[in-house]
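Notes to accompany the following structure.
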Amino acid sequence: MSLQQAYSMAVVVILALMAGIAAPAEPLAAQGVSAAERDAGTAAERRVVLRFLTTSDFPPFNFYDEDGVLTGFNVDLARAICLQLDVTCEVTERPWEALLPALGRNEADAAIAGHAVTADALLKVAFSDRYFHTPGRFAGRRADTAIEATPEGLESKRIAVASGTAHEAFLRQFFRGSRIIPFDNPDIAREALKAGEVDVVFGDGIGLSFWVNGTGSEQCCNFKGGAFLEPKFFGDGIAIALTKSDSQLKADIDAALAEVRSNGRFAELVTRYFPYRLY
């Protein structure tokens, strides 16, 4: 047999062997799936537990009820997200200052505790889509029906505010013609309004709504004007803090949040924990 004949026969044998071997899988690029998407999908399939962190001293968002059970708007929202994603939900409590460091050490998957989306926070963690906004609001005495909560309407008026807060900074920026009177904390500022020592109080709309409608105000006061939502002072909304290393988790939680909104569960939680109008 000549060398050329031997070579031809070898080619025939190789082709015959290859015919009996299954064709290789279509390249990921041809399937329209990147390697990163494949890996993320695999990670999502493996996730059976979603570990949330929160605090216990920020009612009605997160707090211990009379039976010693951790509850609140954030806690129930976390459970609704887990239910939507069909995963086991673990919600544990830690001090506020320990939440983001714990995410950095991969001791949890997410923190749902009222974190505002700020430039500084974005250096440390990723965030879900915003799910809540906390407005600044004015409150005044019910008898003062002529008060207008505008820079012109409150010119020369006495405005109580908690010292060193974003609310004080907002007033000093936009209500320069008013008499801004700082107090050590929001509770003292509200008491000053009830006692008639100031004309209005400015602060967090959520806290004010519970005070105005609760027993502490003795029905002295009500909201004046509308809500202020300037991101520079009050943040770009509240979101769930996430580890930066898991982009698929953000996609999953964002999708779950959207579904919780569309199916009415989110509205139910808002009505349960915030029975008073905030905006």
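At-a-glance table
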item: Within segment 99-123, considering residues that are under 21 Å from Asp252 (Cβ atoms) and assigned to a loop (DSSP other than H, G, I, E, B), the one modelled with the lowest pLDDT; result: Val117
item: Residue within segment 138-146 that is in contact (Cβ under 8 Å) with a residue 60 or more places away in the chain, surrounded by fewer than 21 Cβ atoms within 10 Å (Cβ to Cβ), under 16 Å from the mean Cα position of the chain (by Cα) and outside any helix (DSSP H, G or I) present; result: no
item: Failed condition for Asp199, given (1) free of Cβ contacts under 8 Å to residues at least 60 places away in the same chain; (2) closer than 30 Å to Asp254 by Cα; (3) of a type outside the set (A, V, I, L, M); (4) in contact with a strand residue (DSSP E or B) (Cβ under 6 Å, 6 or more places away or on another chain); result: (2)
item: Output for segment 69-86, where each listed residue is of a type in the set (A, V, I, L, M), touching a strand residue (DSSP E or B) at 6+ places or on another chain (Cβ under 7 Å) and surrounded by 17 or more Cβ atoms within 10 Å (Cβ to Cβ); result: Val75, Leu77, Ala78, Leu85
item: Single residue of Glu168, Glu155, Glu107 found to be surrounded by fewer than 17 Cβ atoms within 10 Å (Cβ to Cβ) and not assigned by TED's automatic domain parsing to the domain that holds Ala78; result: Glu155
item: Residue selected from segment 124-169 under the condition under 22 Å from Phe210 (Cα atoms) and of a type in the set (Ser, Thr, Tyr), by the criterion modelled with the lowest pLDDT; result: Thr134
item: Qualifying residues in segment 237-277 (those that are in a loop (DSSP other than H, G, I, E, B) and surrounded by 18 or more Cβ atoms within 10 Å (Cβ to Cβ)) - the one farthest from the chain's Cα centre (by Cα); result: Asp246
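The values are calculated or read from the model by the stated rules, or taken from the named source; none is laboratory data. Being a predicted model, the structure only gives us computed values, none of them experimental. Note that we place each Cβ from the backbone using ideal geometry, even for glycine, and neighbour counts take in every protein chain shown.
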